[in-house]
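Peer 1: There's a structure below that I have some questions on.
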Amino acid sequence: MSQEFKNSMTGKPTGKNIRRQQAIIRLTMMALILVCLNVLASWFHKGLDLTHEKRFTLTPSTKKLLHNMQETAVIEVYLKGKKFPAELQRLQESVREHLASFKEIAGAHIIYKFTDPFEGKSEEEQKQVSHDLHEKGIATYPLSNYDDNEYSTRPFCPFALVQYNGKEMAINLLTARTGTSRAEQVAYSEASLEYKFISAINTLNRRKKPRVGYMIGHNEDVGVHAIAGLSALSQLYDLDSLNLKHMGHISNAYDAIIINQPNIPFTDPEKLKIDQYVMRGGHILWAVKTMQASMDSFANGNMAFLATDFGLNLDDLLYKYGVRVNSDIIEDKQCMQIPQVEGKEVVLHNWRYFPKINPTSQHPIVRNMGFIRGGFSSSIDTILTAALKKTILLESSKYSRVAGSPVRISLTSTMYPVRDEMFHDPYRPVAVLMEGKFHSAFEHRLAPSYLQHLDSINETFRPHCDTPTSMIVTSIGDVFENDYTAKDGPLPLYVYHYDPNGNYANEDFLLNCMEYLTDQSGILEARSKDVKLRLLDEGRAKDEKTTWQWLNVGLPIVLVLVFASAYTFFRKRRYETATAPSAKNP
């Protein structure tokens, strides 16, 4: 009689019952552990970012702003729909991941949802929806998709609407860049998602707009070619005009001032007002065009003109601040095009005096930015100055050269090809950021009459900055000027009317410069992110589509079956060994 039968007769637990009880206890403990882990994970969530570019890691400034949110931000993402191309599905998922990361930090202060504004709508209703969205600053585009010999078109809205603090702001989630594929545009868009969302929340959180002064009085443009830039600035800043001739000093109530392409010389008293504004911690965006060069000079049948120096009398001021804008003109083979009449046709020719700047700097102001179009531009030299940090933001291409003043500029130059070896002055700086404690250009040379002027307005002369400040100098001609046509009027800053398919980053450059100068939150750091573009070989992907589908579906099933068979086999062997009768017991 077996021991197990004896135990059953005497009421003692058998080995089978013991194993069953142990299994129940193990399952109960595992269930309790899983429940506890899920509860703890909901309270204490910690992700591990294993990507090389740290795409899922928020910057410290973003985390700080999210932690300090007092109101609830409601974010409605319109990037939703069926049969999106793979690139847009990837962008959609990236938006979802970024907003989830925001919510992990801000908690209930972040609410987001994905909606398709055109779902279930008739064609007429879709037109009305597009109109309503346009009123909020949200554009709608036709999305064409060609897949497996099927062509389809549907409305597409790559935008999000952020509502916070009683205000709202539209965000364009898809960054358009000239000369890039849709996959590349999506990659650049992914890199800027954190910045776009946190910048919108930061902007809506402001109690008042930063105050910016736009300098006039030296023939700065305020006409039809300045409308786009001034309009973009006025949406984010309290914009005001400044005329140095009519003011005793520049008030530090202005967070920054803009000096945009003056062409009348500055007097020393006017320079003193600018200088002392900087010494009191003011910020300046300089757009300095040193040469008298304009396409209007070709009017009345002129085929050539001579470009000379404006003589702005700013050299000593800028030199003291660490840069020199040279009296020259850059010629660049990477350039814009202009039309010329050849017989009865209008033909576009490369115009090497209009550089097309490709930002390569890693600084947040220009990181991941598209091409910037320029007009007649000059080179910038940096000067060795103590206690100042200089960062080159923009520079000409590898195939560039400079011509010193005076420069003869002729339309006939477009007719003759120029060899690459003639462009022997590459990478000339055209935009520089200076940061630190500046010294006054009037230090040790202040005239008594200037002291009297300062005394009359109850100001003391400051020979240097007490606190660090910053300024940006760019010499790209017409960089903040919009194009204009008689048919369409003023065009957006990103449009060049001889390149209607281009999307230039002039407005982004302007707004990023101003944000860096006026916003101390540091959220512009989020623009430093990069997303590596790892594209598939489209030919192989199409040819091997079936193989990889079977592999992805079949291999996991085969592995599960192999594991289950091995587990069953070894489990059976173990229990057979454990229950086999001993050789000594018949």
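Peer 1: May I ask you to list the residues of region 262-304 whose amide nitrogen lies under 14 Å from a point 7 Å from Cα along the Cα→beta-carbon direction of VAL222?
Peer 2: Label zone hits: 262.
Peer 1: Taking the DSSP beta bridges in the chain as the whole, what percent of them are antiparallel, to the nearest 5?
Peer 2: Working: 59 of 81 bridges.
If I count the DSSP bridges inside the chain, around 75 percent turn out antiparallel.
Peer 1: What list of ³J(HN,Hα) couplings, whole Hz, do you get for region 94-107 from phi and the Karplus terms 6.51, -1.76, 1.60, once you set θ to phi - 60° and write x for glycine and proline?
Peer 2: These are the phi-based 3J(HN,Hα) values: 5, 4, 4, 5, 5, 5, 5, 5, 4, 5, 4, 8, 7, x Hz.
Peer 1: Could you give the length gained on full extension between ASN552 and HIS67, defined as 0.36 nm per residue of separation minus the Cα-Cα distance, in nm?
Peer 2: 170.5 nm
Peer 1: What number comes out for the charge environment of ARG206, summing +1 per Lys or Arg and -1 per Asp or Glu over other residues with Cβ under 11 Å away?
Peer 2: Here the charged neighbours net out to +2.
Peer 1: Right, another one. Consider the candidate values [x] 41, 31, 23; [y] 44, 26, 23; [z] 63, 32, 24; state which one is semi-axes √(5λ) of the Cα gyration tensor in Å computed from the structure displayed.
Peer 2: From the options [x] 41, 31, 23; [y] 44, 26, 23; [z] 63, 32, 24, the structure gives [z].
Peer 1: Can you work out the PRE-style zone for LYS136? Point 7 Å along Cα to Cβ, and I want the residues of region 68-88 with backbone N under 20 Å.
Peer 2: 71-82
Peer 1: I've got another one for you. Would you grab the residues whose amide H sits under 5 Å from the one on ASP238? Only those 5+ places off in sequence or on another chain, please, with H modelled 1.01 Å from N.
Peer 2: ARG211, VAL212
Peer 1: Also, quick follow-up: Can you work out the Karplus-derived ³J(HN,Hα) for every residue in region 421-427? Use 6.51 cos²θ - 1.76 cosθ + 1.60 with θ = phi - 60°, whole Hz, and x for glycine or proline.
Peer 2: Couplings: 5, 6, 9, 9, 10, x, 6 Hz.
Peer 1: For the chain, what does the helix formula give at 222 nm: sum of -39500 (n - 2.57) over DSSP H segments with n ≥ 4, over the residue count, nearest 500 deg cm²/dmol? Can you show the working numbers first?
Peer 2: On the way: 13 runs with 195 residues, N = 586.
So the calculated ellipticity at 222 nm is -11000 deg cm²/dmol.
Peer 1: Averaging sequence separations of C-alpha pairs under 8 Å and six or more residues apart, then dividing by the length of the chain, give the relative contact order as a whole percent. Intermediate results must be reported in sequence, preceding the final value.
Peer 2: Working: 986 pairs, mean separation 80.7, N = 586.
It comes to 14 percent, rounded to a whole number.
Peer 1: For VAL35 and ALA86 in one chain, what is 0.36 nm times their gap in residues minus the Cα-Cα distance, to one decimal in nm?
Peer 2: 14.7 nm
Peer 1: Assuming R0 = 30 Å, what is the FRET efficiency of GLU104 and THR467, from their Cβ-Cβ distance, to the nearest 0.05?
Peer 2: 0.25
Peer 1: Can I ask one more? First measure r as the distance between the Cβ atoms of GLU459 and GLN128, then evaluate 1/(1 + (r/R0)^6) with R0 = 56 Å and state the FRET efficiency to the nearest 0.05. Can you show the working numbers first?
Peer 2: Working: r = 58 Å, r/R0 = 1.04.
For R0 = 56 Å, the calculated efficiency reads 0.45.
Peer 1: Counting DSSP beta bridges with both partners in region 211-518, what percentage is antiparallel, nearest 5?
Peer 2: Expressed as a percentage, antiparallel bridges in region 211-518 total about 70.
Peer 1: Residue by residue through region 358-363, what is 3J(HN,Hα) from phi via Karplus (6.51 cos²θ - 1.76 cosθ + 1.60, θ = phi - 60°)? Round to whole Hz and write x for glycine and proline.
Peer 2: 9, x, 10, 5, 8, 5
Peer 1: Pairing the Cα long axis of helix 15-43 with the longest principal axis of the chain, what angle in degrees results, from 0 to 90 and rounded to the nearest 10?
Peer 2: 20 degrees
Peer 1: Mind scanning LYS80/LYS103; LYS245/LYS320; LYS136/LYS208; LYS136/LYS209; LYS83/LYS167 and naming the pairs with a C-alpha gap bigger than 27 Å?
Peer 2: Long pairs (Cα-Cα over 27 Å): LYS83/LYS167.
Peer 1: Find how many whole Å separate the alpha carbon centroid of region 300-368 from the alpha carbon centroid of region 209-264.
Peer 2: Computed from Cα coordinates, the inter-centre distance equals 23 Å.
Peer 1: Sort 427-434, 464-471, 208-215 by the packing proxy (mean of other Cβ within 10 Å over each peptide's residues), most packed first.
Peer 2: 427-434, 208-215, 464-471
Peer 1: Between VAL418 and VAL560, take the C-beta separation as r, use R0 = 51 Å, and let me know the FRET efficiency to the nearest 0.05.
Peer 2: 0.15
None of the figures in this text is laboratory data; all of them are computed from the coordinates on show. No experiment lies behind these values; they were computed from the predicted model shown. For neighbour counting, all protein chains shown are included, and Cβ atoms are generated from backbone atoms with ideal geometry for every residue, glycine included.
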